[in-house]
Each structure stands twice: as structure tokens, then as C-alpha cells.
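J.: Provided herewith is a single structure, encoded as C-alpha cells, for subsequent inquiry.
The values are calculated or read from the model by the stated rules, or taken from the named source; none is laboratory data. Quick caveat: nothing in here was measured; it's all calculated off a predicted structure. Virtual Cβ from ideal backbone geometry, glycine too; neighbours counted across all protein chains shown. For accessibility, only protein heavy atoms count, side chains too; no ligands or nucleic acids. Shrake-Rupley method; radii C 1.70, N 1.55, O 1.52, S 1.80 Å.
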Amino acid sequence: MNMLSTAQSLISRAGHRLGLSDQALAEFLQPNAEHQFEIELKNGKKFPAYRIQHNNHLGPYKGGIRFHPEVDLDEVRALATLMSLKTAAVGLPLGGGKGGVTVDPRSLDAAELEELSRAYAHHLALHIGPHKDVPAPDVNTNARIIDWMVDEFARLTGDTTSASFTGKSLGAGGSLGRDAATGRGGVITLAEYLRLTGQSDRQLTVAVQGFGNVGAFFATIAAAEQPLWRLVAASDTSAALVDPAGLDAVELAQFKQAGRRFADLHSPAITALPAADLIAQDVDVLVLAALGDAVIESNLRRVKAKLIVELANGPVSLIASDHLTPAGTVILPDIIANAGGVIVSYLEWQQNLAGEHWSEARVNAQLADHLIPAIDATIKTAAKAKVSLKEAAFMNALQQITRP
Ligand code: NAD
């Protein structure tokens with residue numbers, strides 16, 4: 001079962017619990033628009049590209065653009081659908097969309113990457129914009145790429161608001177706090193869950209899979225703000241590093257920022273295991289911050305943690321969560337746990353439309369103000385309907401979107 005069928009099954013399940021008709025569900029599952037095209041660079045290299053505009057009942061489509069060799073239509077559809085649920089689950093007046101290009105950006109030089117990014121915005125210029133569809137970065141895309149896209153869009157349309165994309169560099173209208181927002185949102189989600197379940201005083205060991213933007217910010221913010229949490233394992237694609245006495249999140253983040261691989265980090269206190277062993281660590285909390293389908297049928301029995309934080313999109317497959325949840329593993333669901341990025345994207349968009357720049361403290365406070373009620377509502381619905389937190393989050397979101 002791929003990420004799309006997982007998302008669709010979860011939506012059907014949540015929809016049936018809400019009493020939605022099959023027709024209402026089928027209508028929701030069908031994206032409003034699918035843009036599929038090919039980008040050809042001047043040197044003749046060709047890349048399939050997508051933008052799925054899933055649902056705009058609550059506001060303009062919102063969602064990232066992924067550059068990855070495994071991007072395909074189904075993946076972008078799944079991610080667009082999850083965005084519609086995510087924006088609704090955290091109460092934003094936005095819909096859901098997602099984009100992608102099937103490319104390994106490491107195979108391109110800087111000029112090719114710029115050409116590809118500008119071509120992507122060029123192709124979509126008629127269909128996106130501050131009040132239609134506001135894309136953002138995702139895996140392997142960043143402020144530099146978004147700045148090229150904004151510039152291309154502005155050149156073509158004359159738009160001067162910079163509100164056509166979020167995740168821009170600060171000089172081009174980006175928001176303070178955006179880089180760290182998804183990781184920060186993960187910390188807020190875990191801390192709020194622990195508070196609501198009376199576990200704030202617990203000392204916790206934590207393993208983080210994926211030490212890119214999201215995983216590294218989660219770990220460094222947790223290290224700074226949560227003295228009772230101890231990072232004991234962290235992985236990238238090359239290795240899982242383990243130190244029961246505690247890893248230094250800031251050092252690991254700096255190491256990754258220098259473009260290095262964990263397999264090349266040598267320290268007497270740290271054991272390096274194969275990357276796949278990260279999920280099998282005997283920890284209290286497993287934070288999944290790499291890619292989708294990290295925990296699936298074939299490896300779910302290796303998971304020992306009783307608490308999983310889904311910072312990637314769809315990192316626990318449906319089959320895996322259906323096994324783990326009844327066995328007592330609590331999964332803090334992606335559409336809440338990783339919504340920090342889209343919340344601060346929304347705040348960036350608001351700043352652009354108002355021509356303002358807010359302080360990082362104001363942005364962080366508003367991030368928490370959006371996220372905490374959503375976590376509380378999810379936990380409340382889960383208790384009332386006796387369902388998993390993921391199903392509860394999907395139910396709350398679907399209820400918002402399907403409201404006439
Ligand atoms: P990123 O590319 O910066 O980082 C991903 C990291 O995961 C990379 O360092 C990569 O080496 C590592 N990785 C990939 N496969 C792995 C594996 N099997 N084991 C260990 N590490 C592995 O991307 P990111 O922005 O940090 O995003 C991570 C995830 O979070 C993605 O699923 C993304 O869709 C999701 N997400 C990101 C944001 C955001 O704001 N960046 C928001 C919501 C969700």
C-alpha cells in the first residue's frame with residue numbers, strides 16, 4: 001500500500017465515523033486540479049513535474065514543492081491530500097496542494113537548478129498566486145529556489161506582494177522562525193501531549209530519524225528547551241549514531257550543515273549502526289523526520305518506542321499504525337506534529353499581504369497559539385470517539401473541510 005492509498009484509507013475511515021456519505025468522501029478525495037508537465041532545460045535534460053491542487057474550500061491551496069528522484073503523481077497526490085487535512089486540522093484559512101519535480105537536484109549545477117526552478121514557476125504562473133495557490137519549499141527545495149520562483153512569478157505577472165510563495169529568504173519577504181518552524185512544532189506537539197497526559201515530569205530518551213531541516217531543528221530546540229529529554233540516537237541515510245549518555249544535537253546539526261555524513265563522524269562515545277537500525281532503538285520517543293513509509297509492515301516489529309512523533313509526512317504506514325496502536329504505541333500524527341511549517345508559512349503570507357515583518361518571538365508565539373488548540377482538540381476527539389490520534393486529527397480536519 002503506498003502513501004496515497006494509506007491517506008485515502010485513513011480519510012475513508014475518518015469520514016465514515018463522521019457519517020459522511022460515500023459520495024461526499026469521493027468528492028473530497030478527488031483533487032480539484034492536477035497540473036502535469038515536463039520541464040526541458042536548454043541542455044535537453046527533461047524532468048516530469050507536477051502541481052496538484054487538492055482542495056480550496058477553506059482558502060487558497062497551500063503546500064510545498066519537492067525535488068526528488070522518486071517523486072511521482074501518486075506521491076504528489078497523497079501529499080496534496082494530506083495538506084488539505086493539515087491546514088484544516090490546525091485551523092488555517094487555507095486549502096491543500098503539493099508540487100514536485102522528478103529530479104535528483106545533486107545532479108544539477110547551480111545554473112541548471114535555477115533554470116529548472118524558474119521553469120517550474122513559469123509553467124504554473126496562471127494557476128498560482130497569493131489568493132489562488134501559495135507553494136512553499138519541501139524536500140530538497142529551499143529559500144534560494146523559492147526566491148527564484150517568486151522572482152519569475154513577479155516578472156510574469158507583475159505581482160509585487162511576494163505573497164505568491166512562502167519559505168522565501170528574509171531579504172525577499174521570508175518570515176523569521178520559518179526555518180525552524182516544523183521542528184519547533186514537533187517539540188510543541190510532544191510537550192503538549194505530555195502535559196495533557198500528565199507526563200511532563202518524565203525523563204525521556206529520544207531517537208531522531210533524519211537530521212535534515214526538520215530533524216535537526218527538532219533536536220536542537222528540544223536540547224535548548226526540554227531539559228528532561230535526552231537525544232540518544234540520530235540518523236541520516238548513511239548511519240544511525242547512538243550514545244546512551246546523550247548526543248550533542250547542536251554538534252550533529254553543525255556536522256550535517258557542513259555537508260558531511262554521520263558515517264564519517266568518529267567519536268569514542270558514539271556507536272555507528274546501519275541507518276535502518278534507528279527505528280529499533282530502545283527509546284521512549286521515536287521521532288521520524290526523514291521520508292514517508294519509514295515504519296511499514298516489514299519492520300514494524302522492530303519498533304520499541306511507545307511514543308512516535310511523525311515529523312515526516314506519512315512515515316508510519318497504515319498497516320504499521322494498525323498494529324502499533326492497539327499494542328499501546330501512541331503516534332502523534334503528521335498533520336498536527338509537522339504542521340509548524342505550514343503555520344509559519346501562513347504567518348509569512350499574512351506578513352507579506354500586510355507589508356509587515358514580525359519579530360521571531362511574535363511568530364513563535366503565534367505558532368504555538370495555532371498548534372496547541374489543535375493538539376488539544378485531537379486528543380479530546382480521540383478520547384471521545386475511542387480512536388487513534390491520527391484518526392481523530394483526520395476527523396476534526398474533515399469536519400472543517402466538508403462543512404457547507
Ligand atoms: P531534508 O531533506 O532537509 O532532510 C531529510 C533528511 O532525512 C536528510 O538529511 C536525509 O539524509 C535524511 N534521510 C532520508 N532517508 C533517510 C533514512 N532512511 N534514514 C535516515 N535519514 C534519512 O528534509 P526536511 O525538510 O527536513 O523534511 C523531512 C520530512 O519532513 C519530509 O518528509 C518532509 O516532507 C517533511 N516535512 C517538512 C517540512 C518542512 O518545513 N521542511 C514540513 C512538513 C513536513
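J.: Of the residues L94, L73, L108, L113, only one is within 24 Å of V214 (Cβ to Cβ) and under 21 Å from the mean Cα position of the chain (by Cα); which?
T.: L94 is the lone residue from the list that is within 24 Å of V214 (Cβ to Cβ) and under 21 Å from the mean Cα position of the chain (by Cα).
J.: Right, next: Take the range 17-46 and flag every residue that is open to solvent by 20 Å² or more (accessible area, probe 1.4 Å), hydrophobic (A, V, I, L, M, F, W, C) and assigned to a strand (DSSP E or B).
T.: If the condition is that a residue be open to solvent by 20 Å² or more (accessible area, probe 1.4 Å), hydrophobic (A, V, I, L, M, F, W, C) and assigned to a strand (DSSP E or B), then A33, F37 are the ones that fit.
J.: Just give me the residues in the range 233-252 being open to solvent by 10 Å² or more (accessible area, probe 1.4 Å) and part of a strand (DSSP E or B), in sequence order.
T.: V242
J.: Take the residues in the range 127-178 that are touching a Lys or Arg at 6+ places or on another chain (Cβ under 9 Å) and β-branched (V, I, T), then tell me which one is farthest from E348 (Cα to Cα).
T.: Top of the filtered list is V139.
J.: Might you check whether a residue that is within 11 Å of the ligand (Cβ to nearest atom), open to solvent by less than 10 Å² (accessible area, probe 1.4 Å) and touching a Pro at 6+ places or on another chain (Cβ under 7 Å) occurs anywhere in the range 298-313?
T.: Yes.
J.: Considering the range 47-59 alone, what residues qualify as being closer than 16 Å to T87 by Cα, open to solvent by less than 20 Å² (accessible area, probe 1.4 Å) and out of contact with any Pro (no Cβ under 6 Å at 6 or more places or on another chain)?
T.: The answer is Q53, and nothing else.
J.: Can you pull out every residue in the range 103-131 that is more than 16 Å from the ligand (Cβ to nearest atom), open to solvent by 20 Å² or more (accessible area, probe 1.4 Å) and more than 13 Å from F153 (Cα to Cα)?
T.: D109, A110, A111, E112, E114, E115, H131
J.: So T182 fits all but one of (1) hydroxyl-bearing (S, T, Y); (2) more than 8 Å from the ligand (Cβ to nearest atom); (3) under 30 Å from D277 (Cβ atoms); (4) open to solvent by less than 30 Å² (accessible area, probe 1.4 Å); what number is the exception?
T.: (2)
J.: Inspect all residues belonging to the range 47-66 and state whether any of them is of a type in the set (A, V, I, L, M, F, W, C), closer than 23 Å to Q400 by Cβ and in the same structural domain as D147 (by TED's automatic domain parsing).
T.: yes
J.: Anything in the range 242-259 that is farther than 14 Å from F217 by Cα and within 11 Å of the ligand (Cβ to nearest atom)? List them, or say none.
T.: G259
J.: Still on this structure, I have one more. Would you please name the residue that is farthest from the ligand (Cβ to nearest atom), looking only at residues in the range 332-362 that are among the charged types (D, E, K, R) and surrounded by 24 or more Cβ atoms within 10 Å (Cβ to Cβ)?
T.: E348
J.: Next question. Scan the range 369-389 for residues that are touching a helix residue (DSSP H, G or I) at 6+ places or on another chain (Cβ under 6 Å) and either in the same structural domain as D322 (by TED's automatic domain parsing) or over 30 Å from P326 (Cα atoms) (or both) and jot them down.
T.: The answer is none; no residue qualifies.
J.: Name the residue, out of A80, A14, that is in the same structural domain as M149 (by TED's automatic domain parsing) and buried (at least 24 other Cβ atoms within 10 Å of the Cβ).
T.: Being in the same structural domain as M149 (by TED's automatic domain parsing) and buried (at least 24 other Cβ atoms within 10 Å of the Cβ) holds for just one of A80, A14, which is A80.
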